[in-house]
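The structure appears below as C-alpha cells.
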Amino acid sequence: MNTIPVITIDGPSGSGKGTIARLLAKKMGWHYLESGALYRVLAYAVIQAKIDLNDVSRLVVLARDLPVKFDSEDESRILWCGYDITDSIHTESCGNLASKIAALPEVRDALLSRQRVFCASPGLVTDGRDMGTVVFPQSKLKIFITADRATRAKRRYMQLKEKGNNVSLENILSELTERDYRDEHRAVSPLKPAQDAILLDTTHLNIEQTFDQVMVFVQEAFGVSV
Ligand code: C5P
C-alpha cells in the first residue's frame, strides 16, 4: 500500500486553490503538482502544432509523450523542451482550450499515470478538478475550495492585470461561466467535491485567512507534528 501522504485541493477556476496548494507544499516541504498545467500544456501543444480537436488518437499520443517537465527547483515552473512556458500557458485562451481537451475521456486516461508519479516522498500537495475523486482517491485530506463566480472572475482579472495582460472583467466572467459549465457537466471526472472532502468557501477570505484555515485542516488530519 502506498503510504505517502497526499493533500488534494480541488475547485473551480479562480477559487484560489493554486495559490494555496503552492504555499502549502512549500510550508510542508512536499512535492507540488498543478494538474491543470498538464491540460494547459496540451492546449499549448495543440495550438503550436495546429492539431484538430477531433483527432483524438493524436491527442492521446501527445498526452502520453508530452515533453513537459516541472522545474525541480520550483515545481510551479513549467518547462517545455527546456523552455519556461509558465506564463504562456496561464492565459484565458489556453485555459479555455484546456477545458475542451479535458472533456475527452481518452486524454484524461492518458494523463492519469503521468499525474500519479508525482506521489513521492515525503508527500504531495496537488490541485485540480478531480484530484480527490479520481487521481488520488486515497488522499487523507481532501479540500474543495470555492468562491462565488463574481469574486473568482475579479481575482482572475487582477491576476492577469498584474502580469500585464490586457483583459476585460466582462470577458473573464463570461469565459469563466462557460468553463465552469463545461467542467461541471462533462461525462468523465466532472468537477465536484469528493464525498469525504472538506468544503471551504473563500468568497469572504483573503489568501492569509484561507491558508490559516487550511493549516487547521492539515493539523487535524495529520497531527501537529507536520
Ligand atoms: O486549474 P486550471 O484552471 O489551470 O485548469 C485548466 C483546465 O484544465 C480546467 O478548466 C479543466 O477543464 C482542466 N482540468 C481538469 N482536471 C484537472 C485540472 C484541470 O479537467 N485535474
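General observations
- Pairs with Cβ under 8 Å, 6+ apart, first in segment 165-191 and over 28 Å from LEU111 (Cα atoms), second part of a loop (DSSP other than H, G, I, E, B) and not aliphatic (A, V, I, L, M): ASN165/THR91
- Residue within segment 168-185 that is open to solvent by 20 Å² or more (accessible area, probe 1.4 Å), within 15 Å of the ligand (Cβ to nearest atom), over 18 Å from ARG22 (Cβ atoms) and not in a helix (DSSP H, G or I) present: no
- Qualifying positions in segment 193-214 - within 16 Å of the ligand (Cβ to nearest atom) and in contact with a helix residue (DSSP H, G or I) (Cβ under 7 Å, 6 or more places away or on another chain): ALA194, ALA197, THR202
- ASP55 being open to solvent by less than 60 Å² (accessible area, probe 1.4 Å), away from the ligand (no atom under 14 Å from the Cβ) and touching an Asp or Glu at 6+ places or on another chain (Cβ under 9 Å): no
- Members of segment 124-170 that are under 21 Å from LEU191 (Cβ atoms) and polar (S, T, N, Q): THR126, THR133, GLN138, SER139, THR146, THR151, GLN159
- Number of residues in segment 1-26 that are among the polar types (S, T, N, Q) and over 11 Å from the mean Cα position of the chain (by Cα) equals 2.
- Count of segment 78-89 residues which are surrounded by fewer than 16 Cβ atoms within 10 Å (Cβ to Cβ) and either of a type in the set (D, E, K, R) or in a loop (DSSP other than H, G, I, E, B) (or both): 4
- The residues on offer are SER139, SER189, and the sole one that is among the hydroxyl-bearing types (Ser, Thr, Tyr), within 12 Å of the ligand (Cβ to nearest atom) and assigned to a loop (DSSP other than H, G, I, E, B) is SER189.
- Subset of segment 3-52 that is out of contact with any helix residue (DSSP H, G or I) (no Cβ under 9 Å at 6 or more places or on another chain) and part of a loop (DSSP other than H, G, I, E, B) - its residue that is surrounded by the most Cβ atoms within 10 Å (Cβ to Cβ): ILE4
- Residue match in segment 90-97 (condition: open to solvent by 30 Å² or more (accessible area, probe 1.4 Å), farther than 22 Å from THR19 by Cβ and not polar (S, T, N, Q)): yes
- For segment 192-226, a residue qualifies if it is over 27 Å from GLN159 (Cα atoms) and without any contact (Cβ under 8 Å) to a residue 40 or more places away in the chain, and the qualifying residues are GLN195, GLN219, GLU220, GLY223, VAL224, SER225.
- Every pair of residues 6+ apart whose Cβ atoms lie under 7 Å, when the first sits in segment 62-77 and is modelled with pLDDT under 90 while the second is open to solvent by 80 Å² or more (accessible area, probe 1.4 Å): PRO67/CYS81; SER76/ARG22
- Of all residues in segment 53-112, those satisfying the criterion of being among the β-branched types (Val, Ile, Thr) and over 28 Å from LEU24 (Cβ atoms) are VAL56, VAL60, VAL61.
The values are calculated or read from the model by the stated rules, or taken from the named source; none is laboratory data. Fair warning: this is a prediction, and the values are worked out from it, not measured in the lab. Cβ: placed from backbone, ideal geometry, glycine included. Neighbour counts: every protein chain shown. Calculation scope for accessible area: heavy atoms of the full protein, side chains included, ligands and nucleic acids excluded. Shrake-Rupley method; radii C 1.70, N 1.55, O 1.52, S 1.80 Å.
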